[in-house]
1. What's the total number of residues in the range 137-161 that are assigned to a loop (DSSP other than H, G, I, E, B), on the phi < 0 side of the Ramachandran plot and either in contact (Cβ under 8 Å) with a residue 60 or more places away in the chain or open to solvent by 40 Å² or more (accessible area, probe 1.4 Å) (or both)?
2. Condition test on Thr36, is it β-branched (Val, Ile, Thr) and either modelled with pLDDT of 95 or more or within 18 Å of the chain's Cα centre (by Cα) (or both)?
3. Here is a list of conditions, (1) under 28 Å from Asp287 (Cβ atoms); (2) touching a strand residue (DSSP E or B) at 6+ places or on another chain (Cβ under 7 Å), and Glu340 meets all of them except one; can you say which number that is?
4. Out of curiosity, is Phe43 at pLDDT below 95, surrounded by 17 or more Cβ atoms within 10 Å (Cβ to Cβ) and aromatic (Phe, Trp, Tyr)?
5. Of everything in the range 349-392 that's open to solvent by 90 Å² or more (accessible area, probe 1.4 Å), within 24 Å of the chain's Cα centre (by Cα) and basic (Lys, Arg), which residue is nearest to Ala303 (Cα to Cα)?
6. Of (1) open to solvent by less than 60 Å² (accessible area, probe 1.4 Å); (2) more than 21 Å from Ser172 (Cα to Cα), Val338 satisfies all except one. Which?
7. Working carefully through the options Val211, Val253, Val247, find the one that is touching a Gly at 6+ places or on another chain (Cβ under 9 Å), without any contact (Cβ under 8 Å) to a residue 24 or more places away in the chain and more than 30 Å from Arg131 (Cβ to Cβ).
8. Which pairs have Cβ atoms under 9 Å, sit 6 or more apart or on different chains, and link a residue in the range 162-179 that is within 14 Å of Pro294 (Cβ to Cβ) and open to solvent by less than 50 Å² (accessible area, probe 1.4 Å) to one that is of a type in the set (Phe, Trp, Tyr) and in a loop (DSSP other than H, G, I, E, B)?
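The values are calculated or read from the model by the stated rules, or taken from the named source; none is laboratory data. Small disclaimer: the values here were computed from a predicted structure and weren't measured. Note that we place each Cβ from the backbone using ideal geometry, even for glycine, and neighbour counts take in every protein chain shown. In case anyone asks, the SASA skips ligands and DNA or RNA and just uses the protein heavy atoms, side chains included. Shrake-Rupley method; radii C 1.70, N 1.55, O 1.52, S 1.80 Å.
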Amino acid sequence: MAKVLIAGGGIAGTITAIALHETGHEPVIHEAYDRTAEGVGAFLTLAVNGLDALTPLGLKSLVKGLGFDTPRIKMYLGDGRELADFALGGQLEDGTVSQTVLRSELYIGLRDEAVRRGIEIRYGKRLADARETGDGVLATFEDGSSADGDLLIGADGLRSRARTIIDPKAPSPRYVPLLNTGGLAEGLRLDDEPGVMHMTFGKRLFFAHVVHPDGGVWWFANVPRKREPDLTVTTMWREDLIRQLAVDRTPAVEIVRATREIYRPWATYDFPSVPTWRTDRMVIIGDAAHATSPAAGQGAAMAIEDAVTLARCLRDVPSIPKALAVYEGLRRERVEAVVERGKRNGDDKAVGPVGRVIRDFFLTRAFKNPPAEDPNAFMWRHRIDWEAPVAS
C-alpha cells in the first residue's frame with residue numbers, strides 16, 4: 001500500500017483518489033480552495049468512454065443521476081440550414097449515452113462519494129513545491145504546511161504547479177483563439193426535443209444549446225478572439241453577444257435574453273504536447289498534462305481515463321517509477337491525438353468573413369458526403385479493461 005499525495009481536488013484528482021482507494025492505496029487529496037469548489041465552472045457533456053471507465057469504480061450511476069441523456073447533435077449554419085443530425089458519441093452496451101451535467105454538481109457528487117469511502121480531503125492546500133526523498137516525496141504548500149508520501153500526483157489543472165516542479169522548462173499552455181461563455185436560460189419554452197444538442201456555425205459566433213428535461217435551456221457560445229484577452233476587464237458581455245448572435249437565424253438571442261446570469265468569459269487553451277510528465281515519484285494527469293480544447297468533447301473523459309489507467313498501473317506494476325513509466329506509455333499517444341482532434345474541431349469556429357464562406361461551403365459538402373468512418377470515433381470507442389492485469 002502506497003501513501004499517495006494528490007494535488008488538486010477537481011474531477012481528475014477526486015476520481016484518481018477513488019480509483020487508488022479501490023486498489024488498496026492510501027490517497028490524500030490536497031485541495032487548493034479554502035473549502036470547496038462548489039459553484040465553480042459551467043456544464044460539460046461526458047462522453048461514453050469516460051462513463052464506461054467509471055463503471056468498475058461504481059460511479060457511472062452516480063454521474064447519470066446528476067445529469068441527463070444527450071444522445072444526438074443537430075448541426076446548422078447561421079442561415080438556418082440544417083447540416084446534419086447524428087449520434088453524439090455512440091452508446092454503451094447497456095444503452096448508456098453521453099451525459100450533460102453541471103460541473104459543480106459533478107464535483108460535489110464525486111467529493112461526497114470520496115468522503116463516504118473514507119478518503120481524506122485537506123482544504124486550503126495549494127501546492128508550492130515538492131522534492132523527492134529517495135523512497136518518497138515531500139510536498140510543501142502555500143500555507144506553510146507540508147506532507148510526505150510515496151508518490152505525488154499533480155491533478156492541479158491547466159496552470160499546474162506540479163508540472164513546473166517536475167520540469168521547470170515545461171511549455172506554457174497554447175492559446176486557442178476562442179473565448180467561451182454560456183448560461184442557463186429560464187422561463188423560455190422551445191420546441192426542441194430534450195437532450196438533443198443544437199450547434200450552429202454562425203456568421204460571427206459558434207452557438208450551442210440543449211433543452212433540459214425540466215424545460216430549461218443550457219447553452220454556450222464560442223467567441224473568436226485572435227489575441228489572448230485580459231479577462232479581468234469588465235465588458236458589456238451580454239449586449240455584445242446579442243449583437244453578434246442577431247445576424248443568425250437561431251433562437252440564440254432570446255436564449256441569451258432569458259439568462260439571468262451569463263458565465264464570465266474564459267479563454268481556451270490546450271497543450272499539443274508536454275514533454276515531461278513524470279519523475280520517479282511525481283506525475284501529472286488530466287489538464288496538467290494534456291489540456292484539450294472543449295471542441296473535442298473529451299476533457300473530463302480523458303481525466304477519468306487517466307485516473308483509472310494510473311490506478312491499474314500502481315495496482316499491478318511492482319515499483320512506483322516503473323508504474324509511472326508504463327502509465328505514460330499507455331496514455332501519451334492517445335491523449336495527444338485527442339488534443340490534435342480538438343484543435344481541428346475548434347479551428348472551424350474561429351474564422352473571419354471570407355473564411356466563413358469557405359468554411360460553410362466545405363461543411364455543407366462534407367456533411368452531404370460523410371466519410372465511411374467517423375474521424376472522432378477513436379475518442380469515444382476507447383475502452384479500459386479494469387480487470388485485465390497491466391504488464392510491466
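1. Adding up the residues that qualify gives 8.
2. no
3. Evaluating Glu340 over (1) under 28 Å from Asp287 (Cβ atoms); (2) touching a strand residue (DSSP E or B) at 6+ places or on another chain (Cβ under 7 Å) leaves (2) as the failure.
4. Numbers: at pLDDT below 95: yes; surrounded by 17 or more Cβ atoms within 10 Å (Cβ to Cβ): yes; aromatic (Phe, Trp, Tyr): yes.
Here the answer is yes, as Phe43 does meet what is asked.
5. Arg383
6. The one condition Val338 does not meet is (2).
7. After ruling out the rest, the residue left standing is Val211.
8. From residues that are within 14 Å of Pro294 (Cβ to Cβ) and open to solvent by less than 50 Å² (accessible area, probe 1.4 Å), the pairs are Pro173/Phe271.
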